[in-house]
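Have a look at the structure below, then the notes.
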Amino acid sequence: MIHSSVPPVSFSAILGSSIHDVKNSLGVISELIQQLKQTNTENRHILQLEFEASRMNNNLIQLLTLYKIEAKNFTLDIDEYSVSEILNDVKAQQSSLFDLSDVALEIECSEDLLCYCDFNLTCSSINSILNNAQRYSHKKIILSAGQQDGYVYFRIEDDGDGFPESFTSTGKVDFKTGNTGLGLYFVSIIANLHSNDNKSGYISTANDSRLGGASFSLFLP
Amino acid sequence: MLDLKSKKILLIEDYPVMRKAIRDMLYSLDVVTLIEAENGQKAINAMQSQKFDIVLCDYNLGDGKNGLQVLEEARFRKLLPSSAAFIMVTAEQVQGMVLSAMENKPDEYLTKPFTVQLLLTRLERTFERKQFFKLVDAAIDIENYPLAIKYCDKLLDESPKKMHTALLKKRAELAVHTLDFSTAQHIYQDILEQRELNWALLGIAQIHYLQGNTEEAIGTFQEIISKYPMTLEAYDLLAQSYEATEQHIEAQEALHKAVLLSPQTILRQRKLATIANKTGDLETAENACKAAVVLGKYSVHKSSNDFSNLAQIFKKADKKTEALEILQTMRNEFPNDPSAELRATIADSEIYQSMGEAEEAEEAFSKALSISKQYDQILDKEIKLEMSKVCYQNDYEETADELIKQLIKSHIDDDDFINEINIMHSSIGRENHADELINATRQELIHVNNEGVKLYQQEKFIEAIAVFAKAFKAMPENKTIILNMTKIILHNIKVSGCTKGNMAEAKFYINKAKKLGVAQYKLNSIQMEYAKLVHSFNKTATK
């Protein structure tokens, strides 16, 4: 028997498997960069290359996670964590990026604060926002956490020029405005997956940073 | 900052460039002792010859064992002390629960590429936790659960807030382990009042199951799966609950779903093969059994049973050539294993029989007979039972009876196995054949026990021990006899004093009981008593 039609494959399945493929290539690139780094210790271009590769890798991980969420192949792994441990983890992950720039990262958080969340996803959400903040800030970023109305919040404040007005007034993620799109969308999805009783997590953006720039908050119930 | 100078580190990574990158990273953290392995087997060998404090292992190791199999083997063979940190390095962010079974969790996952600071932060976090749980974990390592509970309770009184929930989790697990269900249930419920956490729900369901409330257990496991579909442990336990109520098809479905989500676990594939074979779904059984054979290649759980089971499944499905082929592969894979050889030979005989090739069947059977005689001492109980069945089928009544007699005597208090003996007899139309022997052996056991206990009550300890020692000789694998004898030996030591001889005797029987798989909760008080005696013995010895 001859089949004339191609069996249906969903676009997201194709996307999912392509991301894996690209990620594998990126893995090889990252390893080659490691090799270059050893012979060229003073070369800032290589550090930049390393940072860009890691950024691409993070983007792909976010895409893969979103794909798994859509394919319902995904459950948050919620447990109780120390918020300061989360922030330390984020700081450590960001260390090479901040070494590269002249921006200082300051952390404000009480040692005792605890939070129910998926550790990995919360860290990569904050990382993703921090990555963006770093691009637009001049000298300093404050990463803080606290409690408010039954939520734990993570806040990133920078000293840049702030979000464009169109963005803060609609509050919607607009993919067309450039590279903040996927990251913000990812974080809002992850925030939303965190729920407790009738509350769900959310994000908020404003230009009320104590440093005069943009302020981003992730609220988890 | 964490002092890495004093830590011994094992780095397992197959890719030389990456290995060098991580090595440089580690040296920049003042690491002094670093051993490298480029594949899983070399890593296992290294862990065998020395104890490491930190193992940094890539998940993907090319041909051979993968990172998870390395971890599984290290834990299974106790090559890693609980104080050591095992860090799994992966190419993408993984959901730990999907990748591995509960008992084989690494301490941390690290996603490539990572910065040196992240590595350090994770190591610090892991060791802070290890240090905090140090005494509890050490007690668990020597299976002294009462002591572990004591330390746990003490920590609960003084713990910092951020450790509290982790501590409660461990305390509840210890309670379940020592069958103190009400404590465990209280803890889980308190946790759930704060927040619906997956592991607390699992705990509640597990307690239902262990208390025999199978229906509630099934309900709760189903609830967990519908809310958190990636909780693979819930599927395993749901299947186990269905099995307990003879709902084999439902059990198979639950396991099948888990295998689709995570096909890499050999024990789950094996379980699925067994159940599907029972329900007669030969296609599922064949696929699962084949998967178990493949996964077994580099696994510490590799077993000849997977090969012989696959042969049985092929035989049932009328694929006789495949069946004979897999048996030959089995022989090649297990060249010095009499149990495997016997299993393969018995299966050969049955397959030839069903093909109507009487001569080959007979030849295989007589070969099986001679293997069974030659290696009687080291064959396992399942293969002996299988052998007795084949003997009955070939009209070797006497040989079969002798094997059965020996099995019943040794395993009279193992209800599951006695049941297997009965099932075997029914399957060949010999219902109740073993009843008489089973009953007689039970009577004999009761008699010996009564006699020994009576002597004990009359404080004739030496005589009591002699009665049990005689019974032990006749039934060397009987758990009741060993337990009672050990208790009396310990009591006698307490009354009449320690000697090197009687302490060694006590130790011998405790070890034997452990080896026979006596439930830990039955051993706890005995082990505590023994530890006390050792303590006072050492004191008098040094005086």
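Report whether or not B:ILE488 is over 34 Å from the mean Cα position of the chain (by Cα) and not charged (D, E, K, R).
no
Condition first: in contact (Cβ under 8 Å) with a residue 60 or more places away in the chain and within 24 Å of A:LEU32 (Cβ to Cβ). Can you find one or more residues in segment B:28-49 that meet it?
yes
How many residues, within segment B:245-256, are out of contact with any Phe, Trp or Tyr (no Cβ under 6 Å at 6 or more places or on another chain) and closer than 18 Å to B:GLU223 by Cβ?
The first filter runs over segment B:245-256 and keeps only residues out of contact with any Phe, Trp or Tyr (no Cβ under 6 Å at 6 or more places or on another chain), leaving B:245-249, B:252-253, B:255-256.
Next, only the ones that are closer than 18 Å to B:GLU223 by Cβ stay: B:245, B:247, B:253.
The number of residues fulfilling the criteria is 3.
Inside segment A:71-93, can you point out the residues that are in contact (Cβ under 8 Å) with a residue 40 or more places away in the chain and among the β-branched types (Val, Ile, Thr)?
If the condition is that a residue be in contact (Cβ under 8 Å) with a residue 40 or more places away in the chain and among the β-branched types (Val, Ile, Thr), then A:ILE78, A:VAL83, A:ILE86, A:VAL90 are the ones that fit.
Looking at (1) over 28 Å from B:MET230 (Cβ atoms); (2) at pLDDT 90 or above; (3) assigned to a loop (DSSP other than H, G, I, E, B), find the lone condition where B:LYS65 falls short.
If we test B:LYS65 against (1) over 28 Å from B:MET230 (Cβ atoms); (2) at pLDDT 90 or above; (3) assigned to a loop (DSSP other than H, G, I, E, B), just (1) comes out false.
Restricting to segment B:27-40, count the residues that are under 13 Å from B:THR115 (Cβ atoms) and away from chain A (no Cβ under 12 Å).
Residues in segment B:27-40 being under 13 Å from B:THR115 (Cβ atoms) and away from chain A (no Cβ under 12 Å): 1 in total.
Looking at B:ARG442 and the list (1) touching a His at 6+ places or on another chain (Cβ under 9 Å); (2) in a helix (DSSP H, G or I), which single condition is not satisfied?
(1)
Which residue is nearest to B:THR540 (Cα to Cα), if the candidates are limited to segment B:515-526 and must be modelled with pLDDT under 85 and in a helix (DSSP H, G or I)?
My answer is B:SER525.
Being farther than 26 Å from A:LEU113 by Cβ, modelled with pLDDT of 85 or more and part of a helix (DSSP H, G or I) is true for just one of A:LEU32, A:LEU66. Which residue is that?
A:LEU66
So which of B:LEU232, B:LEU260, B:LEU238 is within 13 Å of chain A (Cβ to nearest Cβ), among the hydrophobic types (A, V, I, L, M, F, W, C) and farther than 20 Å from A:LEU76 by Cβ?
Working: B:LEU232 fails: farther than 20 Å from A:LEU76 by Cβ; B:LEU238 fails: within 13 Å of chain A (Cβ to nearest Cβ).
On inspection, the qualifying residue turns out to be B:LEU260.
Could you check segment A:35-49 and list, in sequence order, the residues that are within 11 Å of chain B (Cβ to nearest Cβ) and either at pLDDT below 80 or not in a helix (DSSP H, G or I) (or both)?
A:GLN35, A:LYS37, A:GLN38, A:THR41
Here is a yes/no grid of residues against (1) buried (at least 24 other Cβ atoms within 10 Å of the Cβ); (2) closer than 18 Å to B:GLU72 by Cα; (3) in contact with a helix residue (DSSP H, G or I) (Cβ under 9 Å, 6 or more places away or on another chain):
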residue: B:LYS278; (1), (2), (3): no, no, yes
residue: B:ASP281; (1), (2), (3): no, no, yes
residue: B:ASN287; (1), (2), (3): no, no, yes
residue: B:GLY296; (1), (2), (3): no, yes, yes
residue: B:LYS302; (1), (2), (3): no, yes, yes
residue: B:ALA311; (1), (2), (3): yes, no, yes
residue: B:GLU322; (1), (2), (3): no, no, yes
residue: B:GLN328; (1), (2), (3): no, no, yes
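So B:LYS227 ticks every box in (1) within 14 Å of chain A (Cβ to nearest Cβ); (2) within 23 Å of the chain's Cα centre (by Cα) but one. Which box is left unticked?
Condition not satisfied by B:LYS227: (2).
Here is a list: A:SER110, A:SER124. Which entry is part of a helix (DSSP H, G or I) and closer than 27 Å to B:TRP199 by Cβ? Reasoning before the result, please.
Working: A:SER110 fails: part of a helix (DSSP H, G or I).
It is A:SER124.
Taking the condition of being of a type in the set (Val, Ile, Thr) and either in a helix (DSSP H, G or I) or touching a residue at least 12 places away in the same chain (Cβ under 8 Å) (or both), how many residues in segment B:137-149 meet it?
Summing the residues that are of a type in the set (Val, Ile, Thr) and either in a helix (DSSP H, G or I) or touching a residue at least 12 places away in the same chain (Cβ under 8 Å) (or both) in segment B:137-149 gives 2.
Residue-by-condition table, conditions (1) loosely packed, with under 12 Cβ neighbours inside 10 Å; (2) small (Gly, Ala, Ser); (3) more than 8 Å from chain B (Cβ to nearest Cβ):
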residue: A:ASP21; (1), (2), (3): yes, no, yes
residue: A:SER25; (1), (2), (3): yes, yes, yes
residue: A:ILE33; (1), (2), (3): no, no, yes
residue: A:PHE51; (1), (2), (3): no, no, yes
residue: A:ARG55; (1), (2), (3): no, no, yes
residue: A:LEU63; (1), (2), (3): no, no, yes
residue: A:GLU70; (1), (2), (3): no, no, yes
residue: A:LEU97; (1), (2), (3): no, no, yes
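Considering segment B:98-114 alone, what residues qualify as being under 12 Å from B:GLU72 (Cβ atoms), modelled with pLDDT of 80 or more and within 13 Å of chain A (Cβ to nearest Cβ)?
Selection gives B:LYS105 alone.
Determine whether segment B:135-143 contains at least one residue that is closer than 23 Å to A:MET56 by Cα, more than 8 Å from chain A (Cβ to nearest Cβ) and modelled with pLDDT of 90 or more.
No; the residues of segment B:135-143 include none that is closer than 23 Å to A:MET56 by Cα, more than 8 Å from chain A (Cβ to nearest Cβ) and modelled with pLDDT of 90 or more.
Looking only at residues in segment A:203-213 that are in contact with a helix residue (DSSP H, G or I) (Cβ under 7 Å, 6 or more places away or on another chain) and either under 16 Å from A:SER128 (Cβ atoms) or among the polar types (S, T, N, Q) (or both), which one is surrounded by the fewest Cβ atoms within 10 Å (Cβ to Cβ)?
Applying the filter and picking the extreme gives A:ASN207.
Can you name the residue in segment B:477-493 that is part of a helix (DSSP H, G or I) and in contact with an Asp or Glu (Cβ under 8 Å, 6 or more places away or on another chain) and is also nearest to B:ASN450 (Cα to Cα) among such residues?
Per the stated criteria, the residue is B:THR480.
Restricting the search to segment B:495-514, which residues are assigned to a helix (DSSP H, G or I), buried (at least 17 other Cβ atoms within 10 Å of the Cβ) and of a type outside the set (Gly, Ala, Ser)?
Those that are assigned to a helix (DSSP H, G or I), buried (at least 17 other Cβ atoms within 10 Å of the Cβ) and of a type outside the set (Gly, Ala, Ser): B:ASN502, B:MET503, B:GLU505, B:TYR509, B:ILE510, B:LYS512.
The values are calculated or read from the model by the stated rules, or taken from the named source; none is laboratory data. All of these numbers come straight from a predicted model, not from anything done at the bench. Every residue, glycine among them, receives a Cβ derived from its backbone with ideal geometry; neighbour counts consider all protein chains shown.
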